[in-house]
1. Filter the helices (runs of 4 or more DSSP H) completely within the range 441-508 down to those with at least 1 residues that are in contact with a strand residue (DSSP E or B) (Cβ under 9 Å, 6 or more places away or on another chain).
2. Does L436 satisfy being in contact with a strand residue (DSSP E or B) (Cβ under 6 Å, 6 or more places away or on another chain), buried (at least 20 other Cβ atoms within 10 Å of the Cβ) and assigned to a helix (DSSP H, G or I)?
3. Anything in the range 49-85 that is small (G, A, S) and assigned to a loop (DSSP other than H, G, I, E, B)? List them, or say none.
4. If you take the residues in the range 279-301 that are part of a loop (DSSP other than H, G, I, E, B) and not polar (S, T, N, Q), which one is farthest from C207 (Cα to Cα)?
5. From the list A148, A162, A183, exactly one residue is modelled with pLDDT under 95 and within 22 Å of F260 (Cα to Cα). Which is it?
6. Being more than 14 Å from S89 (Cβ to Cβ) and buried (at least 21 other Cβ atoms within 10 Å of the Cβ) is the filter here, so list the residues in the range 185-203 that pass it.
7. Can you find a residue in the range 264-275 that is part of a helix (DSSP H, G or I) and within 14 Å of V325 (Cα to Cα)?
8. Are any residues in the range 62-81 free of Cβ contacts under 8 Å to residues at least 24 places away in the same chain and buried (at least 19 other Cβ atoms within 10 Å of the Cβ), and if so, which ones?
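The values are calculated or read from the model by the stated rules, or taken from the named source; none is laboratory data. What you are looking at is a predicted structure, and each value in this text was computed from that prediction instead of being measured. Cβ atoms come from the backbone with ideal geometry, glycine included; neighbour counts cover every protein chain shown.
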Amino acid sequence: MADPTPTAPFLTLLLSAAMSSAFLAPVSAASAVISGVAVPYDVLSLILAALPDFDSLHAAMSVCSTWRAVFVASQRSVLTGVAGNVVGSALRQAVRFVRFPYPEKTPNDWPGDDEGEEAEKSVTEPDSDDEEQEPKPMRKDKPRPTYAEDEPIGLLTPEERAKLQRNADVVRKLEALFVVKAAQSTSLTRAQSHRFTRAVYRVMLFCELFYLPLNLDDTDSMEDNEPGVLTRMRSDRAAHLRDSGYTTSELFEMRSVVDFLYDLIRDSLSTADEFDRLKDVCLATGPAVILAAYEGKSEQPYEDALEPDVLTTGEDNEFFGGFLVDAVGAVVKERRETLPISKYGAILDGDETDVVPTMAALPSKCSRCDAAHDLYHKSNWSTLIPIDFIAHLPGVLSSNDVEAAALLDIFMTGATLSMRLDAGTLIEQLFDDASLRATGTAKEFDGWKKEEMLCESCLGRFVGGCLVGWAWKKKVADGWTPTQNCWYGWNCTTQVHKVDHAKTKNHLCAPIR
């Protein structure tokens, strides 16, 4: 069987985009004949580099030997191009984060290049399970390793590509939340997005570099064995910012991101006192953990990332206090510079002449009940988890194994996350289909608009009210023949414990008894 190759019309579209970048570059002798046209490998490599993610690249190589040959001939540039599509304009910051040679997980013990594989293992594995192990003194003969943002990216390994994709998903969710927290616009401009994403990756790097899972006893032991070690640690934090070459404006971008992460931390902790005591402890766990805690509305991700004593002790934790903010302040003070900004200002302010102007500011309260917390807008619907919507179904439908399983299958179908029905797409469909609100109890949502800001409770009511009709239409579209409506509709208790009744009667309807 011949390799599947693009048809002529499809090839024409791809070539028109690729040739604009390729015609000035030297063309290699290698080429492939596609639909009667000899296409240089250099042009085909540009097409591969334009793919949106690594899954698409893998799929292309899996079905066509020509694409695989093109990839082998220019894999470095292809991988860098796809990585840029995955990550965006902050690719160098993202690569630096996954490649930075982090220290061993023991205080002040920086591995040197000559430690080889043993040093790599120590990044994730402790040297010993002995709790009484004393901290090692600082090595004065080995300089702290570094990896600069301007170093060549080179060849991205499979592990690095997986990390880039995973981190990009986190940053994308954080950006959507930032839009809501800043109450600025439906989306950030290109310049604002660049400032935000590069600052997030730099904060990720800082947290990973200087976070150590120490409890207070460890910190006290460090100071007892080596007086002044905490001062040197704080000095190292400032030195990292200084040595990285960040400008004062870029340092304040990081500070704006820290303020944003503080807001997420505040929402995931139970009391204001807890926030004041733990904000820097939680910040040190990094943006990915903070996002998980915010999405789950739970402190559990922090507890999983930290020693338990760190969260429960009433004493001040000197190691984490002023974790990143103090380091930024120290460097700016050295430079005798000031940059007056409002909260989030370093991200949102600046010259935007090269981008589309921002849209009108979003409201800071729910459009339906005036709640000011846990707000959702179409810009951050994608941060929600679709399977959670099943709990919003009316009556006891969520306990109907037949209907709940059908929805679960819809939300979880797809070999990769990008192939599944995401929350944003589903909610938009519920808003766009006016027929879902034409009859029954869903009529109360007639007139609701997807541009509105809704709190979690109101959005849940809307989704639950419209999801019944959406599920019914989806089943019919997939070939289901509607059965007789149960008199008790979604309130029927028999549907919960009798599968045959759940199968033979339709419960996606309002009760008439």
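1. 456-477
2. No: the conditions fail for L436.
3. Within the range 49-85, A50, S74 meet the criteria.
4. Only one residue tops the list, namely K297.
5. Unique residue meeting the criteria: A183.
6. The answer is V203, and nothing else.
7. No, that holds for no residue.
8. Passing the criteria: only W67.
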